[in-house]
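The values are calculated or read from the model by the stated rules, or taken from the named source; none is laboratory data. Keep in mind the model is a prediction, meaning the values are calculated, not measured. Every residue, glycine among them, receives a Cβ derived from its backbone with ideal geometry; neighbour counts consider all protein chains shown.
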Ligand SMILES: CC(C)(COP(=O)(O)OP(=O)(O)OC[C@H]1O[C@@H](n2cnc3c(N)ncnc32)[C@H](O)[C@@H]1OP(=O)(O)O)[C@@H](O)C(=O)NCCC(=O)NCCS
């Protein structure tokens with residue numbers, strides 16, 4: 001998408017015909033900025049098989065512009081595999097693999113992906129939606145704070161060059177239809 005061009009953004013679930021290699025390439029390109037900061041996020045260089053496993057563990061959403069995949073996030077509902085104590089709490093869903101292609105950032109695509117994931121979580125009856133990121137990536141912790149996420153804890157995962165922050169957002173209560 002050339003700079004300045006405005007095209008409709010479509011958010012949809014990852015489909016069986018989507019290329020896991022394309023999705024992995026998107027993740028690598030987006031996370032390169034973090035690699036340059038010395039932050040060895042898994043998505044910096046993960047294999048497509050890892051992308052597949054992480055996507056299939058939850059609901060993987062993709063953002064599409066003019067038929068091209070430009071962003072992604074995966075939503076994990078409450079009650080699934082928990083990597084930290086906060087994620088294991090009742091009613092807490094979490095996010096992962098959040099990325100927008102560098103040339104498409106700062107146009108609200110990431111915000112739309114988060115809106116869609118938060119809507120899925122609220123629909124599931126989740127009370128909180130959580131995520132983790134690297135403590136030194138202050139631009140990210142500030143971005144999430146602006147989106148209503150607050151600090152709820154820290155983790156030092158094995159093999160990581162950084163300490164992680166766990167952030168969480170309290171979701172608005174859903175009023176059931178009818
Ligand atoms: C984090 C990430 C997914 C955000 O995606 P994005 O599409 O750039 O997100 P948004 O456009 O919604 O918001 C980004 C910024 O652009 C601003 N913005 C949003 N719409 C805008 C617009 N139309 N014009 C100008 N700026 C805009 C937002 O206010 C925000 O600014 P801030 O960072 O100062 O708060 C993206 O930067 C990325 O892929 N980063 C690398 C990978 C990564 O860090 N992943 C998360 C690991 S935890």
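Quick one: would you say residue 34 is more than 16 Å from the chain's Cα centre (by Cα), within 16 Å of the ligand (Cβ to nearest atom) and either assigned to a helix (DSSP H, G or I) or surrounded by 15 or more Cβ atoms within 10 Å (Cβ to Cβ) (or both)? Walk me through it before giving the result.
Details: more than 16 Å from the chain's Cα centre (by Cα): no; within 16 Å of the ligand (Cβ to nearest atom): yes; either assigned to a helix (DSSP H, G or I) or surrounded by 15 or more Cβ atoms within 10 Å (Cβ to Cβ) (or both): yes.
It is false that residue 34 is more than 16 Å from the chain's Cα centre (by Cα), within 16 Å of the ligand (Cβ to nearest atom) and either assigned to a helix (DSSP H, G or I) or surrounded by 15 or more Cβ atoms within 10 Å (Cβ to Cβ) (or both).
Determine which member of the set 150, 163 is more than 30 Å from residue 66 (Cα to Cα), without any contact (Cβ under 8 Å) to a residue 24 or more places away in the chain and more than 13 Å from the ligand (Cβ to nearest atom).
Working: 163 fails: without any contact (Cβ under 8 Å) to a residue 24 or more places away in the chain.
After applying the criteria, what remains is 150.
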| region 107-143, subset near the ligand (Cβ under 7 Å from one of its atoms) and out of contact with any strand residue (DSSP E or B) (no Cβ under 7 Å at 6 or more places or on another chain), residue farthest from residue 96 (Cα to Cα) | 107
| field | Positions within region 100-145 being free of Cβ contacts under 8 Å to residues at least 40 places away in the same chain, part of a helix (DSSP H, G or I) and under 14 Å from residue 33 (Cα atoms), in sequence order | value | 138, 139, 140
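Determine if region 56-67 includes at least one residue that is assigned to a loop (DSSP other than H, G, I, E, B) and either closer than 21 Å to residue 121 by Cβ or under 16 Å from the mean Cα position of the chain (by Cα) (or both).
Taking region 56-67 as the starting set, the residues that turn out to be assigned to a loop (DSSP other than H, G, I, E, B) are 57-58, 66-67.
After this cut, where a residue has to be either closer than 21 Å to residue 121 by Cβ or under 16 Å from the mean Cα position of the chain (by Cα) (or both) as well, the list is 57-58.
Within region 56-67, one or more residues are assigned to a loop (DSSP other than H, G, I, E, B) and either closer than 21 Å to residue 121 by Cβ or under 16 Å from the mean Cα position of the chain (by Cα) (or both).
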| field | Selection count, region 73-97, where residues are out of contact with any helix residue (DSSP H, G or I) (no Cβ under 7 Å at 6 or more places or on another chain) and within 8 Å of the ligand (Cβ to nearest atom) | value | 0
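Got a sec? Which of 26, 39 is in a loop (DSSP other than H, G, I, E, B) and either at pLDDT below 95 or within 14 Å of the ligand (Cβ to nearest atom) (or both)?
Values: 26 fails: in a loop (DSSP other than H, G, I, E, B).
So the residue among 26, 39 that is in a loop (DSSP other than H, G, I, E, B) and either at pLDDT below 95 or within 14 Å of the ligand (Cβ to nearest atom) (or both) is 39.
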